[in-house]
Every structure is written in structure tokens, then in C-alpha cells.
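Everything below concerns the one structure shown next.
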Amino acid sequence: MKLTFFRNTKGAPVADLYMGERQLIATTHPATIVGAMFAMKRTRLTVVTTAGSHTGTLRFLDPDEKGIPLIVLKVFLENRPDLFQFLHLAPDESYVPLLQGLEIFALEKWREPNDECDEYIRAAYHHLPKDVIERPLLKPVPKGWKKTLKRRNGWIYFPDC
């Protein structure tokens, strides 16, 4: 899996996920990329920016592992930026939330998703080509999903939303 970036019309970086030469999804939200990786049972990711490239592994929690609350994890990692494997690839500050988010969101409980995680993973499933998905969705479609998907699509650039 390879993650490259382009800028949207407002100048914000957009993460563009590829499997080989095949473009899968482009978004400004790292949790959607992480949700896509989880859906495809992929952990190896090569991140490429104008500052360089690095191949690393996203660590998804095992079902029996206790998760760390997201806010606690974020504060801890912000105080220890050396623990981020992709952060050194940020060509400027606008890339920091995306690159940090790849690792922060990977440590959510994707196998037992809370409502917010379920939204990201469900959005990734909606947009990914069906032949690359290897994990089934775990929860039934929530009430109001079409409205939620429309809101989530505001952060997705490919496929065209």
C-alpha cells in the first residue's frame, strides 16, 4: 500500500491511497485511510511526501487488548513526537494531523468499533472497490446512515463524491 499526497483547492493536503498502481481512496481525514487499511487487512504502508518516503506498519489492536482512550494517546504522542514513524515526512505543519492521525487512529478498537469508528470504517467500505475488502462490517447499518455518509463525503476526494 502506498500513500501519496496532493493539495485540494484550499491548499490542504489530501491523502491518496494506492494498491500498486490502483487508486483506492483519497481523503483529508486519516481515520478514513486507517479504516480502509483495516477493511483490506493491510498493515504495511509506504508514505511518500515531498520530504521523503518511509515504509512502516500500522498496528491494529488485537481483540483482547485494552485500548487507550484516544485523547490520552494523542496527548502522550504529542509529547513524544519521536514515537511517530511518519511524522518526519511532513513538509510543513499542514501535514502533521494527517501523518500523526495514521498511527493514532490505528490504535482505536476497529474490531469492536464505537459509533465514530464505525462511521469511518463504513465510509471506507462504501468507497473502496468491493474486490479489495477482506473484513466484513461488524455492525448493522445505523439509523440515518445516508445522512452521515453525505457528511463524511465532505472529506473524500476519490472516488468522486
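The values are calculated or read from the model by the stated rules, or taken from the named source; none is laboratory data. All of these numbers come straight from a predicted model, not from anything done at the bench. Because the Cβ atoms are built from the backbone with ideal geometry, glycine has one as well, and the counts that use them run over all protein chains shown.
Limited to the range 21-34, what total is found for residues that are modelled with pLDDT of 95 or more and of a type in the set (Gly, Ala, Ser)?
1
Would you call PHE76 part of a loop (DSSP other than H, G, I, E, B) and not β-branched (Val, Ile, Thr)?
Here the answer is no, as PHE76 does not meet what is asked.
Looking at (1) surrounded by fewer than 16 Cβ atoms within 10 Å (Cβ to Cβ); (2) at pLDDT below 95; (3) more than 19 Å from GLU116 (Cβ to Cβ); (4) not aromatic (Phe, Trp, Tyr), can you tell me which one GLN85 breaks?
Here GLN85 meets the rest and fails (1).
Assigned to a loop (DSSP other than H, G, I, E, B) and on the phi < 0 side of the Ramachandran plot: does that describe LYS150?
Criteria not met by LYS150.
Criterion first (surrounded by 13 or more Cβ atoms within 10 Å (Cβ to Cβ) and out of contact with any strand residue (DSSP E or B) (no Cβ under 9 Å at 6 or more places or on another chain)) does LEU61 satisfy it?
Yes; evaluated as a whole, the condition is true for this residue.
Residues in the range 79-119 that are among the polar types (S, T, N, Q) and part of a helix (DSSP H, G or I): how many?
The number of residues fulfilling the criteria is 3.
Show the residue pairs that are 6+ apart or on different chains and have beta-carbon atoms under 8 Å apart, the first residue being within the range 101-125 and touching a residue at least 60 places away in the same chain (Cβ under 8 Å), the second being in a loop (DSSP other than H, G, I, E, B) and surrounded by 21 or more Cβ atoms within 10 Å (Cβ to Cβ).
Sorted first by the residue in the range 101-125, then by its partner, the pairs are LEU102/PHE86; CYS117/GLU108; CYS117/TRP110; ILE121/TRP110.
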